[in-house]
1. Between Ala47 and Ala330, what is the FRET efficiency for a Förster distance of 35 Å, r being their Cβ-Cβ separation, to the nearest 0.05?
2. Could you put Ser175, Ser296 in order, starting from the residue whose Cβ has the fewest other Cβ atoms within 10 Å?
3. In the set (i) 18, 30, 23, 17, 9, 3, 0; (ii) 27, 58, 14, 0; (iii) 28, 61, 11, 0, which value of P(r) over Cα pairs in 20 Å bins from 0, in percent was calculated from the structure you see?
4. Between Val74, Val109, Val119, find the one with the highest GNM mean-square fluctuation for the chain; connect C-alpha pairs within less than 10 Å.
5. Fewest Cβ neighbours within 10 Å first, please rank Ile306, Ile117, Ile131 accordingly.
6. Short version: ³J(HN,Hα) in whole Hz for each residue of the stretch 256-273, in order, from phi by Karplus 6.51 cos²θ - 1.76 cosθ + 1.60 (θ = phi - 60°), x for Gly and Pro, what are they?
7. Using helices alone, what [θ] at 222 nm do you get for the chain, with -39,500 (n - 2.57) per DSSP H run of 4 or more residues, divided over all residues and rounded to the nearest 500?
8. Among Asp297, Asp79, Asp52, which comes first, then next, by fewest other beta-carbon atoms within 10 Å?
Amino acid sequence: MKTSAGWFNWNDPLGYRWLMFGVLSVLYFMACMHRISPTVIARDLMAEFNTDATALGFMSSAYFYLYAAVQPPVGYLSDTWGPRAVTTLFATIACLGAMLFGLAPNLTVATVGRALIGVGVGGVFVPALKIFSRWHQAKQFAAMTGVFLAIGNAGNLAASLPLTYLVVWVGWRGSFLAMGIVSLAMALACWLLLRNAPEEKGWPPIVVDPLPAADGKETIDQSASRRLRIVFGQPSFWLVTGSYFFFGGPTLAFQGLWAVPYLIDIHGYSRVHAGGTLMLIPIGFIIGAPLFGLLSDRLPFGRKAILTTSLLIGMLCWTVFLPTGGKPPAFLIGPLFVIIGICGGGSLSLYMTMTKELFPAWLTGTAMGLMNPAAFLSTALFQPFSGFLMDSVGHAGTSYPQAAYYKVFVAIFIFGCLSLATILPARPAKAASR
């Protein structure tokens, strides 16, 4: 049915961009589900592969190392090959990684599979933002990015209680084989349905770049070295990226690996209860990402002020874990997880928008590809580091004492302080301050 807005009419650009948005959202949903999935099966993996927290942290971090490593080439290829080809190729790689992980006979093979998953899903987010930059006006970008993050991060929600039930039903191996099949189907959908710009469908361009190339030409023929010089020569790029590094890693590491074991070991939750409680973080994220994006598009305070507020509130939530020795009252766990999620989603959408607004549209993919690895590299480092902190205290079988988790919370708080301090000197683009 066609509406005046054209939302459901795939034969005009306003409708067709929502079809593409749906395809990209499913892919990003899978990426987020893979990102968080180890926390649900952590005890299964430790038992099956006879391993400890440090080794499990290294296995889980393989996703983040490779995800981070592919972001710069993914960004460059998004600007040159185009997002359609990039997402098709990388979704296929994600399928292969999930299949290998599900069939892994030992921890080494599981690590390789986890790494391939990281490579594959690493080709989703930046190409999606590149498509949004061509199919949506600049004044819509922050809100669109927030909605995309919210829908995609329903994958984090699915990686808690729903994945727990799926693992109980078909086992952790069957669960990953199923995710591999879905990834293959989405790779086919990318090739058939995605288009890099409205012009490829014979429609006029939606976006006119307000920041043309320095030589007056908007072209994909700019050399890689020139692209890097422009991005790296922007001081605020380094400050935003540095703050993003300190912000992303600890939260992702806790949510994606230690949250469920923490709730079981310290608060005595059952596996299903812990998985259900973990859902509160992505629920908060789903609320915060579009909300903060919408606020930053409409309020006159500027994106940096709203981002700083979000980071400060999130840091205060983690502070609650410190005076209680890592075990706040049980009734606070739910509200803390929700607020942490809201601030995490809101901060992420603002980091992306601030970076996008520092550069012209022909550099969007490259800039995002160079900035986006920061949080995932941080996670890749923080997961084994946090495992080392926990092992330094000791454990009994697959259970860790309160003192082990307390060390992790102290590290998270320190990283939060560094994130806040790093963003303060940043000078966002004028377009971001309204």
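Nothing in this text is a laboratory measurement; each read-out follows from the coordinates by a stated rule. Since the model is a prediction, treat every value here as computed from it, not as a measurement. Glycine gets a Cβ as well: all are built from the backbone with ideal geometry, and neighbour counts include every protein chain shown.
1. 0.85
2. Values: Ser175 24, Ser296 27.
Lowest count first: Ser175, Ser296.
3. Computing P(r) over Cα pairs in 20 Å bins from 0, in percent and matching it to (i) 18, 30, 23, 17, 9, 3, 0; (ii) 27, 58, 14, 0; (iii) 28, 61, 11, 0 gives (ii).
4. Taking springs between Cα atoms under 10 Å, the residue moving most is Val109.
5. Ile306, Ile131, Ile117
6. x, 9, 9, 4, 5, x, 4, 5, 6, 6, 9, 9, x, 6, 6, 4, 5, 4
7. On the way: 19 runs with 323 residues, N = 434.
Value at 222 nm, helices only: -25000 deg cm²/dmol.
8. Result, fewest neighbours first: Asp52, Asp297, Asp79.
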